[in-house]
Amino acid sequence: MASFHVNGKLVTPSKNQKLLRFLRDELHLFSVKDGCSEGACGACTVIIEGETVKACVPDTDSLDGKNIITVEGLTDWESQVFTYAYGEAGAVQCGFCIPGMVMCTKALLDKNPNPSDEEIRYALRNNYCRCTGYVKIIAAVKLAAKIMGDGVIPAKRTEDWKMGSSVHRIDVEEKVLGYGKYPDDYVLDGMLQGAVLRSKYPRARVLSIDTSAAKALEGVVAVFTAEDIPGENKVGHLKHDQYSLIPVGGLTHYLGDGIALIAAETAEIAEKARKLIKVEYEVLTPVRNIEEAAAADAPKVFDEEKDNVCSYKHISRGNADEAIKNAKHVISHHFETPWTEHGFLEPECAVAFIDEDEDVFVYSTDQSAHQTLHECRILLGTDKIKVQNALVGGGFGGKEDMTVQHLAAMITYLTRRPVKLKLSRAESLLVHPKRHHFEMDFTMGCDENGKILGVKAKVASDTGAFMSLGGPVLERACTHAAGPYNYQNFDIEGTAYYTNNPPAGAFRGFGVTQTCFATETLLNLMADKVGITPWEIRYINAIRPGQVLPNGQIVDESTGLVETLEAIKEDYDEAVAAGKPVGIGCAMKNAGVGVGIPDTGRVKLIVEDDEKLHIYAGASCIGQGLGTVLVQIVGEETGLAADKIVYERSNTWIALDSGTTSGSRQTLITGEACMRACRELMKELNAGKTLAEVKGQVFYGEYLAKTDPLGADVPNPVSHVAYGYATQMCILDPETGKIEKMVAAHDVGKAVNPISCEGQIEGGVVMSMGFALTERYPIVDCKPVDKFGSLGLFRAHELPEIKAIVIDKPGLKVAGGAIGIGEITSIPTAPAIADAYHRYDGEERYELPLKNTPYERKW
Amino acid sequence: MAAKRQVPYMSALVACNGGCREGKDGQSCSYGCVACSLCVAACPFSAITINENGVAEVDESKCTACGRCVEACPQQVIHLHEAGNFIAVKCSNRDKGVDARKQCDVSCIGCGICEKTCTAAAIHVVENCAVIEEKNCLSCGMCAVKCPRHAIYDLRGVLTPVR
């Protein structure tokens, strides 16, 4: 047996195992994150003999005599420097990649105290980050190098916790030093390990399930099937069409469908038990794509549906046919966008146990603890459930659905034992809903000056094995397909089809990423036809305050599309004058759910025994920084110092439901509710009371974002309370054909924390550079075939310069004018890049990822 | 070692690790380094030596990737690679696995375990020998750890011994 030093201490593992497992399971060094266990993500990076190594790779037996350092082994000085540098640079979002990045930082600086930007990017290149786009992590490394050299940690940029101030996020230290807990970091006494046996075929009828051999295996505590479900089998956001476990006699809908649920003393035993379960199937022809789903004689994905149409939308205003008929210039094209995987760094995991109230308590990583509660209640048929968000290692829409939470709750409910249920990376890639593949036909008509007269479109999406949010995604794809422009003839028909592919649901941009690619590409082609620049055609058509959008809504004073166009003008003109290929794209994105759906923010402020003001909002921080935003709002409204304010992660028994982290809504909706709660508190404080004197009192704020439903019988329906606007630009290096620079100008109303806002923009841009150029999620016969490392996510050394421009434009009357930024950052990127390549080589491209670019992958 | 040059910098790599032996039936590897020393002579930077396994070895800290050794090598076992990608296949044997196994202790037999293991689709068996597409490689070393023939190396000597 090998012995080696970990953080200076001599240790001997109990058995030969992967170093990652030893560090986490035996030494409880939880900074070493398990993001994939297959060598891809880098979240488990440690330093061995001065070199960075992914801890999931080496066997402990191969490490005899070696010296290993984890984040827990940093000196106090290093801990302080890295915490400061990552905080000051704004480098921390979800935080799951950060300990690995910190290890890369240390290994680099130990060898090279003054690294160049190139050397920093190169040192980080084997570690993925999905939130930040690496820009601010690179800046953090540079800053750390400087501080190490100076030997002094400078003062923070600001300590003023008001709105508009770039303070360090509240969760920097716990994420940099790795002691903040994600669900996988909880280890409870007597905790079982859960596992799910999934369908062998994408579409088959389950004829029988024999769990006897699995149950007989020593260490197996329970094996459950559909008949053990205490409540309803089917869960789901809107439509309950997601089977928790497929019953005997039932159809499987995709390869991720659960057949049996195993609870065992160890993960190894659970894995063995999974192989002992015998399932008989009648294998049926799968529905593999939109065309097969729409065919007249198509096999049905669901027994209980009349066909494979999951959702249909038709949105029409004015007369698009007539407008296009009379247009001087008309362009039509077919467009396609691919499936995309969220690639959040933290795979799905839930820990459940019975708490002191005899309730099932779930630590979850999700986008709404209340949604998890709601769906667990459906499955278990009981209200005796509590849900608490742990840290959430990224979501991007991919953690809105039930994957592990409800099943973990079920194991605990039935066995009364604590349990951890965690997806392997391969399961995660299969199970959680993806970005929809869209097939789109668009026609646009313009007058001789480039003024858009009308747009008509027909789109279809593959929503896979259950609805998830496929209906709303289709709807948002349709409503926003018109673009942020001022014209009145628009007609779009959309259909979302069930297939036996993995499910598709929410993904940053929520359908708009797809239709925006079509609309903006047509607009770029139209500019050429009219003989004006892509910038000019947008400036001509841009929606301005007081004008009417194609959906009929009159936009308010906060509308800042023109400002975003003006913000990039100098860079645009300069690049064009230098003869560089330049592409451009614009977008709008709603903040808030809108279209008449009740959308409520709810915040409680309570002074607890520590005499600090605690913020309770039933709203998940999935890495974007909601906690910091709320603390800043409280700071602004009450004047309290930050050390008197405590942000509590979302829970379901104190905090009231403040809606899902979706639709770029938390800053606006929960932010406004928080402001209202502050006003209640201030009534007391202004009357001379101290915090101590209002201890235990609840100050409650609620905000209902009221909107009109689609098709409301009013001349100018308010579809959404607010829209964010953006212009992004891509400049190519004319020699290499690689991206030289991305410029992204975003109208955010009011940036609560400008540096966080920049981080959102950079992260969104880089994510959609992947969408445009490198990312893939190939599905062959309903089976996703790629692993995490071959999804084509952008890496640190591949980055071009990214210039984020944050534009504050007042006008929104709520939340201090703050409009959500989360999604729009990813929307106009792909068409801007496509246009740049069109200028580069003359080839028009209507499909993503773009072909014939230097970014195309070999193999 | 990278301080003197801009990253990413290239270096020559000898794709042979000298496990060649004469098999029972007289077979031996015809693809590997033959220790002719032409590369040693060609290198203007004294970056190449013949190591204890009887094959040429490049000192990456001295190499400038001028490529003269690549041209000089009659066996074509030297190629340039990105030095920061420290996971490397050190075998060039293109014979079928059954033969390659007989000819050398540390030959790639084209079994494809590395290809199945790789998360990044960065390593593939081409003509019976594993080849890394360095642009895709995440340098995790999972292939090196899993290779039953020890034909894939962590050139830093952390995950595998440097032979």
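The values are calculated or read from the model by the stated rules, or taken from the named source; none is laboratory data. Keep in mind the model is a prediction, meaning the values are calculated, not measured. With ideal geometry, Cβ positions are generated from the backbone for all residues, glycine too; neighbour counts draw on all protein chains shown. Heads up: the accessible areas ignore ligands, DNA and RNA and are worked out on the full protein's heavy atoms, side chains in. Shrake-Rupley method; radii C 1.70, N 1.55, O 1.52, S 1.80 Å.
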Check: By a straight-distance test (C-alpha under 21 Å), which lysines pair with B:Lys62 as possible cross-link partners, with residues fewer than eight away in the same chain excluded?
Finding: A:Lys111, B:Lys4, B:Lys90
Next item on the list: Quote the relative contact order of the range A:11-134 in percent (integer), defining contacts as alpha-carbon pairs under 8 Å separated by 6+ residues.
Entry: 28 percent
Next item on the list: Find which of A:His168, A:Leu188, A:Tyr134 sits farthest along the positive direction of the dipole of the range A:93-243, computed with +1 on the beta-carbon of Lys and Arg, -1 on that of Asp and Glu, about the Cα centre.
Entry: A:Tyr134
Check: At a Förster distance of 35 Å, what's the computed FRET efficiency of A:Lys569 paired with A:Asn716, Cβ-Cβ distance as r, to 0.05?
Finding: 0.70
Next item on the list: Would you work out which of A:Gly151, A:Val512, A:Pro545 lies farthest towards the positive end of the dipole of the protein assembly as shown, given +1 charges on the beta-carbon of Lys and Arg and -1 on that of Asp and Glu, about the Cα centre?
Entry: A:Gly151
Note to self: Let's test this: bin the Cα-Cα distances of the range A:1-94 at 10 Å from zero up to the farthest pair and state each bin's percent.
What the structure shows: 16, 47, 28, 8, 0
Item checked: Label-point separation in nm, A:Glu693 to B:Ala35, each point 7 Å along Cα→Cβ -> 9.2 nm
Margin query: If you take the accessible area of B alone plus A alone and subtract the pair, what total do you get in square angstrom, rounded to 100, with a 1.4 Å probe?
Written below: 2500 Å²
Next item on the list: In debye, nearest 20, what is the charge dipole magnitude of the range A:399-546 about its Cα centre with +1 on Lys and Arg Cβ and -1 on Asp and Glu Cβ, if you could check?
Entry: 980 debye
Next item on the list: Starting from the Cα of B:Gln27, step 7 Å toward the Cβ, then list every residue of the range B:129-150 with an amide N under 20 Å from that point.
Entry: B:129-131, B:148-150
Notebook entry, point to check: How large is the dipole of the protein assembly as shown about the Cα centre if only Lys and Arg carry +1 and Asp and Glu carry -1, each at its Cβ, rounded to the nearest 20 debye?
Noted result: 1200 debye
Next item on the list: For the range A:218-321, count the residues as N, evaluate 2.2 N^0.38 Å, and divide the Cα radius of gyration by that value, please.
Entry: 1.47
Note to self: Per residue, how big is the convex hull of the range A:425-535 when only Cα atoms are used? Give it in Å³.
What the structure shows: 102 Å³
Next item on the list: Consider a paramagnetic label point 7 Å from the Cα of A:Val330 along Cα→Cβ; state which residues of the range A:512-537 have an amide N under 16 Å from it.
Entry: A:526
Notebook entry, point to check: If each of A:Asp307 and A:Glu159 carries a label point 7 Å out from its Cα toward its Cβ, how far apart are those two points in nm?
Noted result: 6.7 nm
Margin query: Show me the GluC sites (Glu not before Pro) within the range A:11-75 that DSSP assigns to loop and that have at most 16 other Cβ atoms within 10 Å of their Cβ.
Written below: A:Glu49
Margin query: I need the fraction of alpha carbon pairs in the protein assembly as shown separated by more than 51 Å, rounded to a whole percent.
Written below: 21 percent
Next item on the list: Compute the normalised compactness of the range A:294-341: alpha-carbon radius of gyration over 2.2 N^0.38 Å, N being the residue count.
Entry: 1.82
Check: Taking 1 over the mean of 1/r across every pair of different Cα atoms in the range A:4-181, what Kirkwood radius in Å do you get?
Finding: 16.4 Å
Check: Got a number for carbon plus sulfur as a percent of the protein assembly as shown's accessible area, 1.4 Å probe?
Finding: 50 percent
Notebook entry, point to check: Among the lysines, which fall within straight-line cross-link reach of A:Lys695, defined as a Cα-Cα distance under 29 Å, with same-chain neighbours fewer than 8 residues apart omitted?
Noted result: A:Lys162, A:Lys181, A:Lys384, A:Lys386, A:Lys604, A:Lys612, A:Lys644, A:Lys683
Checklist line | Full-stretch length increase - A:Asp150, A:Asp355 - with 0.36 nm per residue and alpha-carbon distance subtracted | finding: 68.8 nm
Note to self: With +1 assigned to the C-beta of every Lys and Arg and -1 to the C-beta of every Asp and Glu, and no other charges, what is the dipole magnitude of the range B:10-153 about the Cα centre in debye, to the nearest 20?
What the structure shows: 300 debye
Notebook entry, point to check: Taking only C-alpha pairs under 8 Å that are 6+ residues apart, what is the relative contact order of the range B:10-153 in percent?
Noted result: 26 percent
Margin query: Just to confirm my numbers, what's the Cα centroid distance between the range A:497-532 and the range A:779-832 in Å?
Written below: 14 Å
Item checked: Inter-site label distance for A:Ser316 and B:Ile50 at 7 Å from Cα along Cβ, in nm -> 8.5 nm
Check: Hey, with R₀ at 35 Å, roughly what FRET efficiency would B:Lys116 and A:Asn16 work out to, going by the Cβ-Cβ distance, to 0.05?
Finding: 0.95
Check: If you take the C-alpha gyration tensor of the range A:273-312, multiply each eigenvalue by 5 and take the square root, what semi-axes do you get, largest first, in whole Å?
Finding: 28, 11, 10
Check: Where does the range A:600-704 land on Rg(C-alpha)/(2.2 N^0.38 Å)?
Finding: 0.97
Note to self: Straight-line reach from A:Lys456: which lysines fall under 28 Å, measuring Cα to Cα and dropping same-chain residues less than 8 apart?
What the structure shows: A:Lys313, A:Lys325, A:Lys328, A:Lys434, A:Lys529, A:Lys589, A:Lys851
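For A:Thr285 and A:Arg679 in one chain, what is 0.36 nm times their gap in residues minus the Cα-Cα distance, to one decimal in nm?
Full extension of this stretch gives 135.8 nm more.
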Note to self: Using a probe radius of 1.4 Å on heavy atoms only, what accessible surface per residue do you get for the range A:577-689? Whole Å² is fine.
What the structure shows: 30 Å²
Next item on the list: Equivalent ellipsoid semi-axes for the range B:88-163, as square roots of 5 times the alpha carbon gyration tensor eigenvalues: give them largest first, rounded to whole Å.
Entry: 19, 15, 9
Check: In the range A:736-859, with Lys and Arg counted as +1 and Asp and Glu as -1 at Cβ, which of these residues, A:Ala818, A:Val806, A:Thr736, has the Cα nearest the positive end of the dipole, that is, farthest along it?
Finding: A:Ala818
Notebook entry, point to check: Hey, can you rank A:721-727, A:848-854, A:75-81 by average C-beta count inside 10 Å, highest first?
Noted result: A:721-727, A:848-854, A:75-81
Next item on the list: Assuming R0 = 41 Å, can you tell me the calculated FRET efficiency for the pair A:Lys275 and A:Trp859, based on Cβ-Cβ distance, to the nearest 0.05?
Entry: 0.85
Margin query: Looking at the calculated P(r) for the range B:10-153, what percent of the C-alpha pair distances fall above 21 Å?
Written below: 41 percent
Item checked: Hydrodynamic radius of the range A:523-663 per Kirkwood, over alpha carbon pairs, in Å -> 19.1 Å
